[in-house]
Amino acid sequence: MTNYTTETYQTKRDILNFCNKISEGIFKPIKKLTQDIVYGLLSSKSCLITDISRELKEEIKLSNTVDRLSNRLANIEREEINKIKDNYYKEVMKYLPECYVIVLNDDTDLNKEYSRKLEDLCVIRDASSQVERYVNGYKVCEYVALSEKQKTPISLYSKIYSTVSDNFKSENDETIQGENEVIRVLKDYGKRPIFIRDRGYDANEYFVKDIKEDNKFVTRLKGNRYLLFKGKKR
């Protein structure tokens, strides 16, 4: 990877420093994999292995780089993934407030409109389209936190799932799994979340859970939601 400018070199060095922090305590091949994947993702702005491989500009055939990354990803151990996650949380917690953290919960999707053979493809509403349309793809449960000084939200939880996979229960269940993980992680660092949700999460299941567990939340209500205030329906 050639460094053409001081700014490019500084950016690359920052990426490598970050990767070294989140891969601390794991074997060197996985540490190298982490560096390659993170750099390739940011440089190519793509999650495709072929695009990531091109950005690495290795002095071997592109197919060999693709095979190397694919094999390493396929054989990474669960313990190594958990170690990377723990290191990541340790690093990003430095940028979050001391006590209460504003956490935004809003699902997104992966559009795989032209895919036919990917496993567990489900039908999703294409959120990026100006008109209502449904395509093949996957749903993504996402939780991000707001920091005190950084403009970009910090990811705390991200999970791709399919509504047709064998272990799928419901979208509400996926959301609650994510919420529980966020609560657990923040609690480990002496912090508590304030969940901010759009009207898609105006559901009694969430309200009952959060009130019972004393979780703080703000939810934009649907137009057909009524509240009881001083005995009157408002």
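The values are calculated or read from the model by the stated rules, or taken from the named source; none is laboratory data. What you see is a predicted model, and the numbers here were worked out from it, not measured in a lab. Neighbour counts run over all protein chains shown; Cβ positions are idealised from the backbone, glycine included. All accessible areas refer to the heavy atoms of the entire protein, side chains included, with ligands and DNA or RNA removed. Shrake-Rupley method; radii C 1.70, N 1.55, O 1.52, S 1.80 Å.
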Notebook entry, point to check: If the Cβ limit is 9 Å and pairs must be 6+ apart or interchain, which residue in the stretch 135-154 that is touching a residue at least 12 places away in the same chain (Cβ under 8 Å) and surrounded by fewer than 15 Cβ atoms within 10 Å (Cβ to Cβ) pairs with which residue that is aliphatic (A, V, I, L, M) and outside any strand (DSSP E or B)?
Noted result: Glu148/Leu96
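Residues checked against (1) in contact with a helix residue (DSSP H, G or I) (Cβ under 6 Å, 6 or more places away or on another chain); (2) under 26 Å from Met93 (Cα atoms); (3) at pLDDT 95 or above; (4) not hydroxyl-bearing (Ser, Thr, Tyr):
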{"site": "Glu132", "(1), (2), (3), (4)": "no, no, no, yes"}
{"site": "Ala145", "(1), (2), (3), (4)": "no, yes, yes, yes"}
{"site": "Tyr157", "(1), (2), (3), (4)": "yes, yes, yes, no"}
{"site": "Glu171", "(1), (2), (3), (4)": "no, no, no, yes"}
{"site": "Gln177", "(1), (2), (3), (4)": "no, yes, yes, yes"}
{"site": "Ile183", "(1), (2), (3), (4)": "no, yes, yes, yes"}
{"site": "Glu213", "(1), (2), (3), (4)": "no, yes, yes, yes"}
{"site": "Asn224", "(1), (2), (3), (4)": "no, no, no, yes"}
{"site": "Leu228", "(1), (2), (3), (4)": "no, no, no, yes"}
Next item on the list: Run down Glu77, Glu59 and say which single residue is of a type outside the set (A, V, I, L, M, F, W, C), open to solvent by 70 Å² or more (accessible area, probe 1.4 Å) and in contact with a helix residue (DSSP H, G or I) (Cβ under 9 Å, 6 or more places away or on another chain).
Entry: Glu77
Next item on the list: Please go through the stretch 101-119 and pick out each residue that is modelled with pLDDT under 95 and not basic (Lys, Arg).
Entry: Asn105, Asp106, Asp107, Thr108, Asp109, Leu110, Asn111, Glu113, Tyr114, Ser115, Leu118, Glu119
Note to self: Among the numbered criteria (1) of a type in the set (Asp, Glu); (2) in contact with a Ser or Thr (Cβ under 8 Å, 6 or more places away or on another chain); (3) farther than 30 Å from Phe168 by Cβ; (4) touching a residue at least 40 places away in the same chain (Cβ under 8 Å), which one does Asp107 miss?
What the structure shows: (3)
Check: With (1) surrounded by 10 or more Cβ atoms within 10 Å (Cβ to Cβ); (2) closer than 30 Å to Tyr88 by Cβ; (3) not charged (D, E, K, R) as the list, and Val218 as the residue in question, which single condition is left unmet?
Finding: (1)
Next item on the list: Restricting attention to the stretch 168-186, report how many residues are touching a strand residue (DSSP E or B) at 6+ places or on another chain (Cβ under 9 Å) and open to solvent by 20 Å² or more (accessible area, probe 1.4 Å).
Entry: 5
Notebook entry, point to check: When you go through Lys151, Lys187 one by one, which is the residue that is at pLDDT 95 or above and among the charged types (D, E, K, R)?
Noted result: Lys187
Checklist line | Residues (buried (at least 17 other Cβ atoms within 10 Å of the Cβ) and either without any contact (Cβ under 8 Å) to a residue 60 or more places away in the chain or in a helix (DSSP H, G or I) (or both)) located in the stretch 187-202 | finding: Tyr201
Next item on the list: Scan the stretch 64-74 for residues that are of a type in the set (S, T, N, Q) and open to solvent by less than 60 Å² (accessible area, probe 1.4 Å) and jot them down.
Entry: Thr65, Ser70
